[in-house]
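Down below is the structure, laid out as structure tokens.
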Amino acid sequence: MYHKTLPYRIFNICNYVFLAIIAFICILPLIHTLAVSFSGRGPANANLVGLIPIDFTLDAYKKTLNNENFLHSLWVSVQRTVIGTLITMIVTFLAAYPLSKDSMVMRSRTWYSWFFVVTLLFGGGLVPTYIVIQKLGLMNSLWALILPGAIDVWLIVLLLNFFRSIPKALEEAALIDGAGQFKILTLVYIPLSLPSIATLSLFKMVGHWNSWFDGLIYLNNIQDYPLATFLQTILIQLDSTQLSSIGREMENISNNTVKAAQIFIGALPILVVYPFLQKYFVKGMVVGSIKE
């Protein structure tokens, strides 16, 4: 009866309208970027494009997809995101599982926990990190973008808190059946943690995909830049020579349309992946927060 009252209906309508307005405001920049990427040279240079393309053309996408530098940067970002997320999640599983045990099961658990927590509060700094990467011979390689962030303590803290919410009776039943700790982790804890795993993986994927600063300092060759660093170079530093491998053909289109096309293509993979992880993402935000 409460849901059928007039005040509740009015509140519900106002709530939906408010959320719709906020959502529309959030996607406005993406819609504008898409409209500019499909617009002609004149309207784009004159900043006349709003939310609808003017002088519709696909030339910007043709030039972008024929740009070897852009495609190689896109491939570097894909490798970095996939390999980096996979390594981080494996390390997170192996660290969060033992830390989720009681001190009676894992001795020195408190010491190890503080060892990880301290890294959240204090960092080595940019220069020492750069020197370590250089001394390890990782400069100008994909591993320089992956290994420094392979251990994400914040993800470990989130996952171990979820592991601690799983009933101990499941682990005890597995132990009675003769399962070892590694088998319990892979066959009991990980299947029950899919919402949390999807959420944490999405966080790490977005972080890797949008990271640009490390590529700028660890890679000397612009052709080896990940996509975020490549876009930062041509958008912030205004290095237009990297927009297209064919300079004369750039006279027929606008730099603004090519930049918009590259930005939209760069955001497209995350936009495609997110809908498939959304149901896990929404559930994973609150899972483990309430115990029965």
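The values are calculated or read from the model by the stated rules, or taken from the named source; none is laboratory data. If you're wondering where the values come from, they're calculated on a predicted model, not measured in any experiment. Here Cβ is always computed from backbone atoms with ideal geometry, including for glycine, and neighbour counts include all displayed protein chains. Ligands, DNA and RNA are stripped out before the accessible areas are found, and what is left, the full protein with its side chains, is counted by its heavy atoms. Shrake-Rupley method; radii C 1.70, N 1.55, O 1.52, S 1.80 Å.
Do we have any residue at all in segment 85-94 that's over 21 Å from Leu271 (Cβ atoms) and either over 29 Å from the mean Cα position of the chain (by Cα) or at pLDDT below 85 (or both)? No; the residues of segment 85-94 include none that is over 21 Å from Leu271 (Cβ atoms) and either over 29 Å from the mean Cα position of the chain (by Cα) or at pLDDT below 85 (or both).
Among the candidates Asn47, Asn69, single out the residue that is open to solvent by 30 Å² or more (accessible area, probe 1.4 Å), in a loop (DSSP other than H, G, I, E, B) and of a type in the set (S, T, N, Q). Before you say what the answer is, go through the steps one by one.
Working: Asn69 fails: in a loop (DSSP other than H, G, I, E, B).
After applying the criteria, what remains is Asn47.
Scanning segment 75-112 for residues that are in contact with a Pro (Cβ under 8 Å, 6 or more places away or on another chain), farther than 30 Å from Tyr225 by Cβ and charged (D, E, K, R) turns up just one, Arg109. Listed by position, the helices (runs of 4 or more DSSP H) enclosed by segment 146-234 that each have at least 2 residues that are farther than 27 Å from Val132 by Cβ and among the hydroxyl-bearing types (Ser, Thr, Tyr) are 194-210. Which one is farthest from the chain's Cα centre (by Cα) among residues in segment 1-44 that are open to solvent by 90 Å² or more (accessible area, probe 1.4 Å) and closer than 30 Å to Thr64 by Cα? So, considering only residues that are open to solvent by 90 Å² or more (accessible area, probe 1.4 Å) and closer than 30 Å to Thr64 by Cα, the one farthest from the chain's Cα centre (by Cα) is Arg41. Restricting segment 126-137 to residues that are β-branched (Val, Ile, Thr) and surrounded by 15 or more Cβ atoms within 10 Å (Cβ to Cβ), which is farthest from Arg80 (Cα to Cα)? This residue is Thr129. Among the numbered conditions (1) open to solvent by 50 Å² or more (accessible area, probe 1.4 Å); (2) under 14 Å from the mean Cα position of the chain (by Cα); (3) at pLDDT below 85, the only one that Gly266 does not meet is (1). Check whether at least one residue in segment 191-206 is open to solvent by 30 Å² or more (accessible area, probe 1.4 Å) and at positive phi, and report yes or no. Among the residues of segment 191-206, not one is open to solvent by 30 Å² or more (accessible area, probe 1.4 Å) and at positive phi, which makes the answer no. Condition check for Asn140 on (1) within 23 Å of the chain's Cα centre (by Cα); (2) surrounded by 11 or more Cβ atoms within 10 Å (Cβ to Cβ); (3) at negative phi; (4) not β-branched (Val, Ile, Thr): one failure, at (3). In this structure, is Ile146 modelled with pLDDT of 85 or more, surrounded by 15 or more Cβ atoms within 10 Å (Cβ to Cβ) and under 30 Å from Leu227 (Cα atoms)? Considered against the rule, which asks whether it is modelled with pLDDT of 85 or more, surrounded by 15 or more Cβ atoms within 10 Å (Cβ to Cβ) and under 30 Å from Leu227 (Cα atoms), Ile146 comes out as yes.
For segment 158-186, which positions are of a type in the set (A, V, I, L, M, F, W, C), open to solvent by 40 Å² or more (accessible area, probe 1.4 Å) and within 25 Å of the chain's Cα centre (by Cα)?
Just the residues of segment 158-186 that are of a type in the set (A, V, I, L, M, F, W, C), to begin with: 158-160, 162-163, 166, 169-170, 173-176, 179, 182, 184-185.
Among the residues that remain, those that are also open to solvent by 40 Å² or more (accessible area, probe 1.4 Å) are: 158, 169-170, 173, 175-176, 182.
The one that is of a type in the set (A, V, I, L, M, F, W, C), open to solvent by 40 Å² or more (accessible area, probe 1.4 Å) and within 25 Å of the chain's Cα centre (by Cα): Leu158.
For first residues located in segment 38-56 and on the phi > 0 side of the Ramachandran plot, partners that are open to solvent by 40 Å² or more (accessible area, probe 1.4 Å) and not in a loop (DSSP other than H, G, I, E, B) and lie 6+ apart or on another chain with Cβ distances below 7 Å form the pairs Asp55/Gly42.
Of everything in segment 82-105 that's in a loop (DSSP other than H, G, I, E, B), open to solvent by 40 Å² or more (accessible area, probe 1.4 Å) and of a type outside the set (Ser, Thr, Tyr), which residue is farthest from Thr186 (Cα to Cα)? Reasoning before the result, please.
Step one: of segment 82-105, the residues in a loop (DSSP other than H, G, I, E, B) are 100-105.
Among the residues that remain, those that are also open to solvent by 40 Å² or more (accessible area, probe 1.4 Å) are: 102-105.
Checking the rest, the ones that are also of a type outside the set (Ser, Thr, Tyr) come to 102, 104-105.
On the way: Asp102: 20, Met104: 22, Val105: 19 Å.
Here the answer is Met104.
Counting only residues that are touching a residue at least 12 places away in the same chain (Cβ under 8 Å), under 26 Å from Ser201 (Cβ atoms) and aliphatic (A, V, I, L, M), segment 115-146 holds 8 of them.
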